[in-house]
Structure formats: structure tokens, C-alpha cells
Ligand SMILES: Cc1cc2nc3c(=O)[nH]c(=O)nc-3n(C[C@H](O)[C@H](O)[C@H](O)COP(=O)(O)OP(=O)(O)OC[C@H]3O[C@@H](n4cnc5c(N)ncnc54)[C@H](O)[C@@H]3O)c2cc1C
Ligand SMILES: Nc1ncnc2c1ncn2[C@@H]1O[C@H](COP(=O)(O)O)[C@@H](O)[C@H]1O
């Protein structure tokens, strides 16, 4: 049996859906005892959901500093201290942009082995799988020594209802407040829209979209699909889309259940970022486009006709099942 | 002022990776400087050129052949370089962090350490954080803007589509560069000639005095991930195509 601490990311008093996937990943092994770890102010609001999705215990972490959101070092210090306090064998979180940062800080403080972006975890043996060489190979890795710090790739483990006791304990962590690093501000850009890294449906545009203005047709389709909008590097480099939207080798790695690539040729580097999507749809007007050789469904046509048609068809069908994007 | 830039020797991102059993793969493919590390190096060069007169030192942990990546870094403009020479291609991150820390500490006292946000081969996403703890410095990773004024570093780090954290750190600190930070320069032929005269100090791993490594994360095997084959291709009238697509997505793939 292992005791697993699951890092719970919450926003506005609500547990992020991907965090429920982390609980399910920890629960895979029936023997595991699962501790949901979260900072004090979220615990009360989230406890119902956490119990329902498999938390044996809920640990509300408090620190001397009341608001630690600007201090990632302090957050990581408190979580590293919780490993000792609760004798945790592992800490599991979601390998999104925020989780990744925190998990790497915890592992470094604890001098512990860390594997981010895990696609498979076997607790009894300590064997995990993750991508190496940008999606071209899957590496099988064994963790030696404890505690293990693990981040799962978002959307790989579906959440599962598994009601548990879920008593809440308050843990007062004593960590020195370091003022060497401060998050001064969180800047919200203009384009808005959900982030691709945790989205369940993504519609992406490539060079062929032609301008930033034309990305509007993808955004319209995304809003009826409940999708996030992504882009190829060619589209980003041409200034049609922001860096944050780039999918691929030098952009984001995504695992949505549906990925729709519009006017994207299907380079190795683009695939590096979206290869693990459950279903890939390609819209391209070139019958020889490489992407048609490695997708599930291909639509041979002009994206400027196909995408608006898709938006209309979805609009007509009404109430498509909205993806639970939380990005 | 000393700026250390960690650069890794990795297979070209377009290279075909052929696993050969266990942790082995066909290493005869083309190798390049880890793309994110170019942003890190470019940033270091800009700091030097902005009049700070900093010395820029490229450091790598890798096999002997990794000297070619150091040559590229020298051609881009690094002043000198250090190779911590290992026997195996893969080094676990705890070990890599320790070796980088040891080699850099012996060389000098860093005012700034720049790295990429991740290696494109092992996708570890952790070396800058490990260095932060080993050197006792604050760390920010996934950095897309950088400025340094009077011993304080301000960076913007991308956390979501169009959402950025503005982070302020004291120096010395560790910064993990992401795409968008700058546009790395391409070395010219004369740059490459000049680089031949610059120093590559080779330190065999054994000389750093660590016992043989016991990996905390051990690579047991690599498996090629096959591409999915040719998909079902629809053509003709856009309206009809999308209707058929939606039917397939709902009934066959069950993703809508
Ligand atoms: C180190 C490195 C890292 C990289 N990282 C990334 C990365 O992270 N992400 C990434 O995407 N790329 C990356 N690339 C770039 C990659 O190699 C490709 O250049 C890029 O993905 C091409 O983008 P694209 O498919 O949008 O453009 P193109 O290759 O130009 O493809 C455009 C496609 O649109 C089709 N088309 C044209 N008009 C229409 C129309 N009206 N309707 C429908 N289809 C149309 C064309 O047939 C073509 O297939 C990287 C490259 C390198 C060297
Ligand atoms: N073997 C290495 N030699 C030098 N720098 C490295 C090495 N491995 C990782 N790094 C640096 O650490 C960054 C993050 O790597 P990783 O944690 O492996 O994803 C890279 O972009 C490099 O700057």
C-alpha cells in the first residue's frame, strides 16, 4: 500500500476537472490511501467533490503567510513539508503549466525523483511511461527511492466517482517566507478563450488561415464546440496567433479527445504536440498533404468553406455537448 | 559578472528516432543544440552586449560528441565552455543537476544561470528548478520576457493562453527560457572559425568526485510510437462533408 498525496488545483472554490483525473490516477491501485492536498482557503468549498471522487483524507494546508499565491517557493516548501508530516510515498499532480512548476519545485526541495507528463503509472512497481523525443517514442521509467513526485498529462486519466470518507485535517506548515521571488502581477491578455493545454477539444489553424483576422472563423467554431483555439508554428511566426496558442514541439503538448487541424500540413514538430489526441481531424485542400496520412478523419476542402459549414452545422444541431474546458 | 548557460546536445527534432532495445537508440542521427537553450544563450549574449561586460560560459553534461553543441554555442558568441563528460547518453535529472552544479561552482560564482524550459529529448522539465535549490537561487521557468535592473530581474512567464505572471527575483537567479523570449542569432562562417579558438574545457565525470550514479529515475526502455495510418478521407460539398464528419464523430469515434 502506498500513501499518495494528490495536489488539488482549484479555482474560485471549484476543483479543476483535471485534478479529479489525478485523484483517479492515484485511486487506480485500490490499496492506495489518497490524501487530497490543497491550500486552506479552498478546502471547505471543495471537500464535497473531493470525497466523491476518491479522497480518503483532505489536508487543508495553512502557512504563516496568509496569502501565499504570490510565493511559489512558499507553496512548494509547505507541500514538501507535508510529505514528511503525513509520511507520503508520492505526490501526484497535473502536468499543466501551473502544476508542473509547483511539482518541480517540490521535487527539487525534497531531492526526490520527478517524472512530469506521465501517461501511465504503475504504483506497485514504480514504473511510469512518458514521452521522449517529442512524442516519437514512449519511455518506460522506473523510480527508485521515495518519495516520488509525479505529474500526469492532462486528460489522460478520466475522473471517476469513488466515494470515500474524506475527513478534513488542517496542517499548519512552518515554512520560512522567502521574498526572493514574488509574482507581482498576473496579466490577462486580450484574446482570452480557454487554454489549449488542458482543453478537451481543440481547433487549430495553420499558415493557410492567412491572417489574425481570419482566425475569427476558428474562434466562432470553437465557441459552438466548447473548444480552445490552437495554432501551428507557421501561424504563430506569421503573427496570426499568439505564442501561447502554439501546439507542437516548441509549443504546447496537448491530449484532447478531439483535435481539428485546419490548414496545417502535419509536420513532425506539430505532431509532437498533439499526437496523443484521441481523435485527429484534418481539414486541408491538398490531397497529398502529409497530415492525411496520419489522422482519423480527413476533409479535403477549403478551410474557409469547411470551417464555417461546421460552425453552422453545430449551431443547427444545438446544444452540442460542451467540453469542460477549464484552461 | 558571470552568466552560465546550460545547453544540451539533442537529436534534431525532425530526426527519426530508432530504439535499439533498453535505453539504446540509433545515435547516428543529426544532433543540434536543444532549441530552448538557444533562447537562453541569446539572452545571455544580449546582456553581455548591453554593456554589462558579462562573461558568457556555456556548460553541458554529455558524451564527448556534445562538444559539437558547445562549438555552436561558441560560434553564436559564448566566451568559453565546459563539458562534463559522461559515458552514457541518458543521465537522470537529479544527477545532471548535481553535475552541472558541481562543474559551475568549481568554475566560478554565477550571477545568472540561464537554461531552456525543457530538453526536447527526455522532456524532463526540471533542471532549472534543481539548480535553483542546489545553488540556493530563486527560479522562474517558461520565461518570455526578461529585464535586469540594478540586481533585480523581472520576467514574464507564460502560464496559459494569454495569461502571464510578472515575476520579480533577486539576483543571482535561474531563468528557464521559452520560445518568444528573443530570436536567436545564426552564426556566420567567420563566427564558426573564431569559435575554433575558444576554450572547451572537458571534465570527466569521475573528476567531480561523485560516486557512480544510482539513478533515481531509470530508463528501462524506449518504444517507437507509430503514427496513426491514413484516415477516412471525405470530399465534395462542404455542407455534406461536415454532416458526415459530425455523424462519424458522434457514432463511430464517440467524441462528441
Ligand atoms: C526546432 C523546430 C521546432 C518546431 N516547432 C514547431 C511547433 O511547436 N509547432 C508547429 O506547428 N511547428 C513547429 N515547427 C515548424 C514545422 O516544421 C512546420 O514548419 C510548421 O508546423 C508548418 O506549419 P503549417 O502546417 O501551418 O504550415 P504549412 O506547412 O505551410 O502548411 C499549410 C497547409 O495548409 C494547406 N492549405 C493551404 N490553403 C488551404 C486552404 N484554403 N484550406 C485548407 N488547407 C489549406 C496546405 O495544403 C498545407 O498543407 C518547428 C520546426 C523546427 C525546426
Ligand atoms: N545534460 C545537460 N547539459 C546541459 N544542460 C542541460 C542538460 N540537461 C538539461 N539541461 C538544461 O536544463 C533545461 C531543462 O531540461 P530538462 O529538465 O531536462 O527538460 C534544458 O533546456 C537545458 O538548458
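FYI, it's all coordinate maths here, none of it is from the lab. Note that this is a predicted model, so its numbers are computed, not measured. Don't worry about glycine lacking a Cβ; one is built from the backbone with ideal geometry, like all the others, and counts go over all protein chains shown.
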* Structure fact -> Counting only DSSP beta bridges with both partners in the stretch A:3-172, the antiparallel fraction in percent, to the nearest 5, comes to 30
* Structure fact -> Partner shielding of A:276-285, as the mean number of partner chain Cβ atoms within 10 Å, equals 3
* **Where labels lie 7 Å past Cα in the beta-carbon direction, separation of residue A:162 and residue A:33 in nm** => 1.6
* Using the 10 angstrom Cβ neighbour count as an exposure proxy, how do B:72, B:96 rank, fewest first? -> B:72, B:96
* Structure fact -> All alpha-carbon distances of the stretch A:149-213, grouped into 5 Å bins from 0, give the whole-percent distribution 3, 7, 9, 11, 15, 15, 16, 12, 5, 4, 3
* Using per-residue counts of other Cβ atoms within 10 Å, averaged over each peptide, order B:46-56, A:40-50 from highest down. => A:40-50, B:46-56
* Structure fact -> Expressed as a whole number, the average count of other chain Cβ atoms within 10 Å around the Cβ atoms of B:211-219 is 5
* Counting DSSP beta bridges with both partners in chain B, what percentage is antiparallel, nearest 5? -> 40
* Asked: Is the stretch A:3-172 best put as rounded, prolate or oblate by its Cα gyration tensor, with a ≥ b ≥ c the root eigenvalues, rounded for a/c under 1.5, and otherwise prolate when a/b is larger than b/c, oblate when not?
  -> prolate
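Starting with the fewest neighbours, write out A:119, B:137 ranked by other beta-carbon atoms found within 10 Å of each beta-carbon.
By the 10 Å Cβ count, ascending, the order reads A:119, B:137.
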* Asked: For helix A:215-225, what angle does its Cα long axis make with the longest principal axis of chain A, in degrees from 0 to 90 and rounded to 10?
  -> 60
* Counting residues in the protein assembly as shown as N, plug N into 2.2 N^0.38 Å and put the Cα Rg over that result. => 0.96
* To do: Compute the long axis of helix A:72-85 from its Cα atoms, compare it with the longest principal axis of the Cα atoms of chain A, and write down the angle in degrees, 0 to 90, nearest 10.
  => 50
* Once Rh for the stretch B:160-256 is found with the Kirkwood sum over Cα pairs, what is the Stokes-Einstein diffusion coefficient at 25 °C and 0.890 mPa s, in µm²/s? -> 109
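What FRET efficiency, computed as 1/(1 + (r/R0)^6) with R0 = 45 Å and r the Cβ-Cβ distance, is obtained for residue B:228 and residue B:189, rounded to the nearest 0.05?
FRET efficiency, residue B:228 to residue B:189: 0.60.
Can you tell me the order of A:27-38, B:229-240 when each peptide is scored by its average per-residue count of other Cβ atoms within 10 angstrom, highest first? Can you show the working numbers first?
Working: A:27-38: 19.3, B:229-240: 14.6.
Output ranking for A:27-38, B:229-240: A:27-38, B:229-240.
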* Given a cut-off of 15 Å, what percent of all Cα-Cα pairs of the stretch A:13-88 lie beyond it? -> 57
* Structure fact -> Contact order relative to length for the stretch A:1-110, counting C-alpha pairs under 8 Å separated by 6 or more residues, stands in percent at 32
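Classify the stretch A:201-318 as rounded, prolate or oblate from the Cα gyration tensor: take a ≥ b ≥ c as the square roots of its eigenvalues, call it rounded if a/c is under 1.5, otherwise prolate when a/b beats b/c and oblate if not.
rounded
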* Structure fact -> In nm, the gap between the two label points placed 7 Å beyond Cα toward Cβ at residue B:207 and residue B:166 is 4.6
* Can you give the mean number of other chain Cβ atoms that lie within 10 Å of the Cβ atoms in peptide A:304-312? -> 4
* Asked: Expressed as cubic angstrom per residue, what is the convex hull volume of the alpha carbon set of chain A?
  -> 139
* To do: Mind ranking A:121-130, A:285-294 by how tightly packed they are, going by the mean number of other C-beta atoms within 10 angstrom, highest first?
  => A:121-130, A:285-294
* Please express the shape of chain B as an equivalent ellipsoid: the semi-axes are the square roots of 5 times the eigenvalues of the C-alpha gyration tensor, given largest first in whole angstrom. => 37, 24, 19
* Against the longest principal axis of chain A, how steep is helix A:97-110, in degrees 0 to 90 to the nearest 10, with axes from Cα atoms? -> 30
* To do: Can you tell me the relative contact order of chain A? Whole percent, Cα pairs under 8 Å, sequence separation 6 or more.
  => 16
* Structure fact -> Expected sort for B:150, B:64 with the fewest Cβ neighbours (10 Å cutoff) up front is B:150, B:64
